[in-house]
Amino acid sequence: MKWKPFLFSALAIGAVFVLVELALAVAGVAPLAAREDPFHGFSASLRVFEADRSAGVVRTRARATRHSFNAQEFPLEKSDGELRIFVLGGSSAYGFPWGASRSFSAMLERGLQAAIPERDVHVVNAAAMSYGSHRLRILTHELLEYSPDWLVLYSGHNEFVEGRLQDRLAGTEPLPRGVRLWLHRWRLYSALTRLLTPAAEPRENPEDASAAELIGFDADRRYPTDVTEAGREAVRIRFEENLRAIVAAANEAAVGVVLCTVPSNERGWRPNQNTWPGALSGVDRTAATVAIERAVKANESGDHEAALRAVAEVETFTTSAAGAWFEKGTALLALHRIDEAADAFVAARDYDGQPGRASGSLNETIRAVAAETDAVLVDTEATFRAVATDGIPGFDLFEDYVHPKPGAHVLIARELWRSLAGAADESAFLSALDLPDGFDYVSDTLSPDAAQSAETSPLLFNLAVVLENQGRYEDAMQRYRRCLELNPGYYVARANLGRLLRLTGNPRQAADEYAMVLQVAPDHLNSAIGLGESFRELGMLDQAESAFRRATEIDPSEPGAWNGLGSVYFVSGNHGEAERAFRRTSELDPDNLLVRANLGMAIFFQGRLDEAEAVFRESLADRGGDPGAMNGMGAIAVERNDLAAARDWFARVLAQDAENSLAANGLAEVRRREQSR
């Protein structure tokens, strides 16, 4: 048997590697996975703090405070008795809309200083607007250089922000993720890497580094839509990986970590988007949407039993419509079925197709990581439920959807104080904050508008995003404009203003805003696409083509850029180029049936009816009630003079969408041809 020598050789080599690995383990050589984070290098390229040696302090860089971070400072040299803590998170930990002075980090500092007066306590607010765990993982490595005793993480709401950036960060590694992780767990690879790789020299001008250009200080806040269960799980896995990397880096530096679960407004905040199963037909989707609208009206009129009946209709189509769950929770709460209502509100949050609140699975991940590592868990979510009205957090604890009210910040600080000070005397904590015994953490002002006092550009920006997500476009634009008055260079706010101007029927003004963004940020993809869409709506097709081409050059993998380019060619009658652009779009976004319909029509107008029909039938096989495909089939039937079939296709579209102009025009053409026979 010729294969036996090869087998024995492979086994012998494998045995040698196993023995070497065991020897290195005995010698105390740790794998790189236990010592080195692949994202560590970014922290050398993007510094949030800088030393002021003349004043003997470390301060937040002015560039970082422009949009994202609070201005903070702490001693350059850590004294022997100092207790130094950094708080990491997004805008909730930042203290939106009041800033660091009203956040739980400031109250924690006062409480700890009173509890341990013999130590000099500094709690530094290192949270930043819209920061998710991927950014916090980078920031952690810088913070560990400042000799903290503890890191406190209050993070989970922003995990769906900047998905494209997260992919690009992962993509900077030269090896596939699985191979990279395997090598980082191999001790022989670790030993050879440390032997052969010299220590990296710090950059003289780190803000000019390409990594800084890639990441930037400011999160480009754009939530994805139509997030599926698989998408949520992918985000959860990445969140867990980031948490574990942060804890591992802190452990290596002998720094403690506190992981906080993150509560959110459940009873008072409607989900942003319903998502539908891919197999659900357009007719059924329309019926479910109408039923949800009936549930909303029934709850508003006080007929909660009718609302439950309407929700039951939705459940015959799908059990994952976030809006239906919210109306169910509202009705059950009004009927005093509290436990059922609580479950319904949680489902509404977790099924949101445009998630802006930490899901139950993310909070369970926080608990699991704390249980499996040396991190300390502070279960803030459970604490909020314990004090919330009916045990369901709402506007009694939150300013909007995730940002705690002042009393709720006190509550978070109390729980952290109990954990870090090892104390339980609530009176002593409240006394340190000059608050009375029996302080009520729950607000009796059930209003989402207290944040209107915000008068800094980052806070105004975040408030505008909140208002925008709730459909209050005019109020949001007012905040974006005020934000730009304070800081004309806040280009993300300008891009968002441009988007709302276009959505509200002002493409000319939108184009002006997008053009200004591209002057200061030439590679801002959303603005290039928005500029193209604005020009297209204005009928300026040459300018629209130029803008969309620019977008495809900024990011050749962005389907929206190619789809926009295809639409310009289609409108201008260049159906060959439209077909090429739509094919590229479909390659990048194969599940988008609207794009397939565009591709089919581009082929149809070139007279290739059989090919067009194949595209439409493929869409109908995936979703039988797709209106774009049915309109396409109707157009093909008209061209073949099969008027009965055409009438049937267009009637099916109008049955689910009575205002569909393409179907209405197609049916009118069928009638005209029938009359002319």
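Quick check: anything in segment 647-669 farther than 13 Å from Gly282 by Cβ, touching a Ser or Thr at 6+ places or on another chain (Cβ under 7 Å) and in contact (Cβ under 8 Å) with a residue 12 or more places away in the chain?
No, segment 647-669 contains no residue that is farther than 13 Å from Gly282 by Cβ, touching a Ser or Thr at 6+ places or on another chain (Cβ under 7 Å) and in contact (Cβ under 8 Å) with a residue 12 or more places away in the chain.
Those residues that are surrounded by 24 or more Cβ atoms within 10 Å (Cβ to Cβ), more than 17 Å from the chain's Cα centre (by Cα) and not hydrophobic (A, V, I, L, M, F, W, C), I need them from segment 95-140; list them, please.
Within segment 95-140, Gly95, Ser103, Ser105, Gly111, Asn125, Thr140 meet the criteria.
For segment 402-441, which positions are in a loop (DSSP other than H, G, I, E, B) and either touching a Pro at 6+ places or on another chain (Cβ under 6 Å) or touching a residue at least 24 places away in the same chain (Cβ under 8 Å) (or both)?
Passing the criteria: Val402, His403, Lys405, Ala423, Leu433, Leu435, Phe439, Asp440, Tyr441.
So, in segment 581-592, exactly how many residues are over 21 Å from Phe548 (Cβ atoms) and free of Cβ contacts under 8 Å to residues at least 60 places away in the same chain?
0
Identify, please: which residue in segment 274-304 is in a helix (DSSP H, G or I) and more than 31 Å from the chain's Cα centre (by Cα) and is, among those, surrounded by the fewest Cβ atoms within 10 Å (Cβ to Cβ)?
So the residue we want is Ser301.
Only one of these is assigned to a loop (DSSP other than H, G, I, E, B) and at pLDDT 95 or above: Ala307, Ala250, Ala254. Name it.
On inspection, the qualifying residue turns out to be Ala254.
Quick check, is Gly576 outside any helix (DSSP H, G or I) and more than 28 Å from Pro277 (Cα to Cα)?
no
Please state which of the following conditions Glu340 fails to meet, knowing it meets all the rest: (1) modelled with pLDDT of 95 or more; (2) under 30 Å from Leu108 (Cβ atoms); (3) surrounded by fewer than 20 Cβ atoms within 10 Å (Cβ to Cβ); (4) not polar (S, T, N, Q).
(2)
Looking at (1) assigned to a helix (DSSP H, G or I); (2) among the basic types (Lys, Arg); (3) in contact (Cβ under 8 Å) with a residue 60 or more places away in the chain, which one does Lys328 not meet, given that it meets all the others?
Only one criterion is unmet by Lys328, namely (3).
Restricted to segment 228-267, and to residues that are touching a Leu at 6+ places or on another chain (Cβ under 6 Å) and among the small types (Gly, Ala, Ser), which residue is nearest to Asp350 (Cα to Cα)?
Ala250
Scan segment 141-153 residue by residue and report those that are under 15 Å from Val87 (Cβ atoms), surrounded by 19 or more Cβ atoms within 10 Å (Cβ to Cβ) and within 27 Å of the chain's Cα centre (by Cα).
Within segment 141-153, Leu143, Leu144, Trp150, Leu151, Val152, Leu153 meet the criteria.
Which of the residues belonging to segment 552-596 are surrounded by 23 or more Cβ atoms within 10 Å (Cβ to Cβ) and among the hydrophobic types (A, V, I, L, M, F, W, C)?
The answer is Ala561, Trp562, Leu565, Val568, Ala578, Ala581, Phe582, Val595.
Only residues that are within 17 Å of Phe570 (Cα to Cα) and acidic (Asp, Glu): list them for segment 599-649, please.
Those that are within 17 Å of Phe570 (Cα to Cα) and acidic (Asp, Glu): none in segment 599-649.
Inspect segment 41-48 for any residue being surrounded by 12 or more Cβ atoms within 10 Å (Cβ to Cβ), at pLDDT below 75 and not small (Gly, Ala, Ser) and give the result as yes or no.
Yes, the conditions are met somewhere in segment 41-48.
When residues of segment 334-389 are filtered for being within 24 Å of Ser130 (Cβ to Cβ), polar (S, T, N, Q) and in a loop (DSSP other than H, G, I, E, B), how many remain?
Adding up the residues that qualify gives 2.
Mind checking whether some residue in segment 524-533 is over 23 Å from the mean Cα position of the chain (by Cα) and surrounded by fewer than 17 Cβ atoms within 10 Å (Cβ to Cβ)?
Checking segment 524-533: not a single residue is over 23 Å from the mean Cα position of the chain (by Cα) and surrounded by fewer than 17 Cβ atoms within 10 Å (Cβ to Cβ).
The values are calculated or read from the model by the stated rules, or taken from the named source; none is laboratory data. Every value quoted in this text rests on a predicted model; they were computed, and no experiment measured them. Reconstructed Cβ throughout: ideal geometry from the backbone, glycine too, with neighbour counts over all protein chains shown.
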